[in-house]
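Report on the following structure.
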Amino acid sequence: MARDNQKQIDYEKIAKMDSFRRLSKKKNRFLWTMAVIFFTIYMALPFLTSYTTILHQKAFGEITWVWIYSMGIFIMVWGLAHFYVGRANKFDKEAQDIIDEYERGAGQ
Amino acid sequence: MSLTSIIMFLVIVGITLYITYWASKRTSTASDFYTAGGGLKGWQNGLAIAGDYLSAASFLGIAGAVALYGYDGFYFSIGYLTAYLIVLYIVAEPLRNLGKFTLADMITARFDKAKVRGAAALSTIVIVLFYMIAQLVGAGALIQLLFGIPYWVAVLIVGTMMTIYVLFGGMTATSWVQIIKAVLLMFGTAIISILVLWKFDFSIMKMFSEMTTATEDGQAYLNPGMLYKSGINTVSTLLALVLGTAGLPHILMRFFTVKDAQTARSSVIWATWIVGLFYVLTIFLGFGAAAFVGKETIIAANPAGNMAAPLLADALGGDLLFSFVSAVAFATILAVVAGLVLTGASALSHDIYGQIFKKGKITEKEQVVAARIGALVISITSLLLALGAQTLNVAFLVSLAFCIAASANLPVIIYTIYWKRFNTSGAVWALLGGLITALVLVAVSPNVWNPEPGKAIFTGTPLISLTNPAIISVPVGFICGWIGTYFSKEADYAKYSEVEVRAQTGISVNKASNH
């Protein structure tokens, strides 16, 4: 049944709608910007630990900076996971508007 | 083996068999079998993802690595956790919106060609087999150590259990075994961690300062450099850790067990919290084992450090806690191998048999029969391989699986979703290029070759010094996909419109039933 319904959806028409193009561009820019940021912060760790000793210095008591940086990554992961959900829920609303817009148009 | 241990094991086996019986009555269609009918809730799937992910390699392996190598063992925790951001931001929702049962379904939603499906199914089966041999070899060694039964008997016990779960209970049983195991694992780990902290008067500062004298490594124990001496190797290993997860077929398959992208999203959030908290606790497990069990004892029990957590449980909580932790480790292994069997079966029965040989002309009933036969074939193959692989290093097999996943699967997933020009030729090139490069580079690496006899599979000088070749093989996978794409004039932008719209809006999944 779902297969029959899929045929009725004119994907090319949706893909060409201005509202869809805007959403797609905005969403992809958000995803890839964030991905570059967290990937860089993460991959900086092995470079800093292997080629410098700045993270080997003591921060608090015997706790060295490398533990602080690592915990920072944990907090970043949780924080960015929730940040993503907030943004994605907004994108969902926009996607729903696009589907509604398409269905109104398709019904005419 | 004490009476407490026997009771704990029987309880775990009893509960899981009951779940399988309960699930078997709910498994009648192919969708039930492969994806639990797509009916899991976000928290359920989140726990099940955590259950899939926290394998024996995580629970036993990371605790052991931290115990033996201090900070360097903790790299695994950081990498495996950060990987979830890539899953969440880039992969999870488009995958849910495009796929049905398998990774190949998702890629063929765009390129409906047998060769693309075949290549994707092949890489899934290779990854599953390597991962499964690793788990089975680890399981065999662990159970042999815990109960003093021969290796082959231990492997057969685990093999029989996993086959029963999957054969009769499909994804529903597998998911619930994962969920229960994840809860038990978190509970056990939390108790040990609290006991460790108690020993340090609940002071993190005190724990760190005592750790500087607790081991013979002194201050160095708390800093990087004890395990990874070469910078480029550290970078390469961390790259495989963070990129591998988003290409692991048994993790990806979990996103088909939920109804829509929103639920996929919430399941990653659940998984991120559970897995993350667990990984924080690996510090306490590792430090505790180093301080209260001691390196000599840990290495004497198992040179790779795999017994650190159970030994720590024994040292702090006596026989009761030891039995509980061992039973949890056993449940962990069972749950992970069951998930792997199911994933392998989906590639074999759904992709290769149902879609390629029968060209999709297969009845619901035949699909379920094929799925069960596929599960049996994967189980028996992996058991035979595991029986012959007793001496292989487990960590090497797992790192190989992550490396192939990052090199073969991730490039094709990203290109399929986000690159308009990508085509059939590029998909096949990316899959096979990444797969072959990863396999060849590992085959000439220090994991396989060591000048000292007995240290690796073969005696000789390795051609490359990288223990994990991700830094080479991942770019090769991406470049192969790019070259393959431009070698062919094929470019179906209309089809990409469909993929883009479906990936971004979930329209065919959410809206189809409303029409």
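Here are the numbers for this structure:
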read-out	value
Qualifying positions in segment B:200-226 - closer than 18 Å to B:L316 by Cβ and surrounded by 17 or more Cβ atoms within 10 Å (Cβ to Cβ)	B:F200, B:M207, B:M211, B:A214, B:T215
Flag for A:G105 being within 23 Å of the chain's Cα centre (by Cα) and either assigned to a helix (DSSP H, G or I) or surrounded by 15 or more Cβ atoms within 10 Å (Cβ to Cβ) (or both)	no
Residue in segment B:217-232 that is away from chain A (no Cβ under 14 Å) and small (G, A, S) present	no
Qualifying residue in segment B:91-104 (condition: within 16 Å of B:N306 (Cα to Cα), surrounded by fewer than 24 Cβ atoms within 10 Å (Cβ to Cβ) and at pLDDT below 90)	no
Residue selected from segment B:88-115 under the condition touching a residue at least 40 places away in the same chain (Cβ under 8 Å) and outside any helix (DSSP H, G or I), by the criterion farthest from A:K27 (Cα to Cα)	B:K113
Tally of residues being under 16 Å from A:W67 (Cα atoms) and out of contact with any Lys or Arg (no Cβ under 9 Å at 6 or more places or on another chain) across segment B:181-209	6
Positions within segment B:253-275 being buried (at least 22 other Cβ atoms within 10 Å of the Cβ), at the interface with chain A (Cβ under 9 Å from one of its Cβ atoms) and either outside any helix (DSSP H, G or I) or of a type in the set (G, A, S) (or both), in sequence order	B:A261
Helices (runs of 4 or more DSSP H) wholly inside segment B:390-451 containing at least 3 residues that are in contact with a Cys (Cβ under 7 Å, 6 or more places away or on another chain) and within 26 Å of B:Y53 (Cα to Cα)	B:424-443
Selection within segment A:18-44 - more than 8 Å from chain B (Cβ to nearest Cβ) and over 25 Å from B:R502 (Cα atoms)	A:I37, A:T40, A:I41, A:A44
Within segment A:1-78, helices (runs of 4 or more DSSP H) holding 2 or more residues that are modelled with pLDDT of 95 or more	A:18-51
Subset of segment B:359-389 (residues that are surrounded by 15 or more Cβ atoms within 10 Å (Cβ to Cβ) and either assigned to a loop (DSSP other than H, G, I, E, B) or of a type in the set (G, A, S) (or both))	B:I362, B:A370, B:A371, B:G374, B:A375, B:S379, B:S382, B:A386, B:A389
Close pairs (6 angstrom Cβ cut-off, 6 or more residues apart or separate chains): more than 24 Å from B:T257 (Cβ to Cβ) in segment B:152-181, of a type in the set (V, I, T) anywhere	B:A154/B:I143
Tally of residues being among the hydrophobic types (A, V, I, L, M, F, W, C), crowded, with 18+ Cβ neighbours inside 10 Å and in contact with an Asp or Glu (Cβ under 9 Å, 6 or more places away or on another chain) across segment B:227-252	2
Residue match in segment B:472-489 (condition: within 11 Å of another protein chain (Cβ to nearest Cβ) and either in a loop (DSSP other than H, G, I, E, B) or modelled with pLDDT under 90 (or both))	no
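Every residue, every condition in (1) modelled with pLDDT under 90; (2) more than 30 Å from B:R117 (Cα to Cα), yes or no:
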{"residue": "B:L311", "(1), (2)": "no, yes"}
{"residue": "B:L321", "(1), (2)": "no, yes"}
{"residue": "B:S326", "(1), (2)": "yes, yes"}
{"residue": "B:V341", "(1), (2)": "no, no"}
{"residue": "B:G354", "(1), (2)": "yes, no"}
{"residue": "B:E364", "(1), (2)": "yes, no"}
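The values are calculated or read from the model by the stated rules, or taken from the named source; none is laboratory data. Just so it is clear, the structure is predicted and the values come from calculations on it, not from any experiment. Neighbour counts are summed over all protein chains in view; Cβ atoms, including those assigned to glycine, are modelled from backbone coordinates with ideal geometry.
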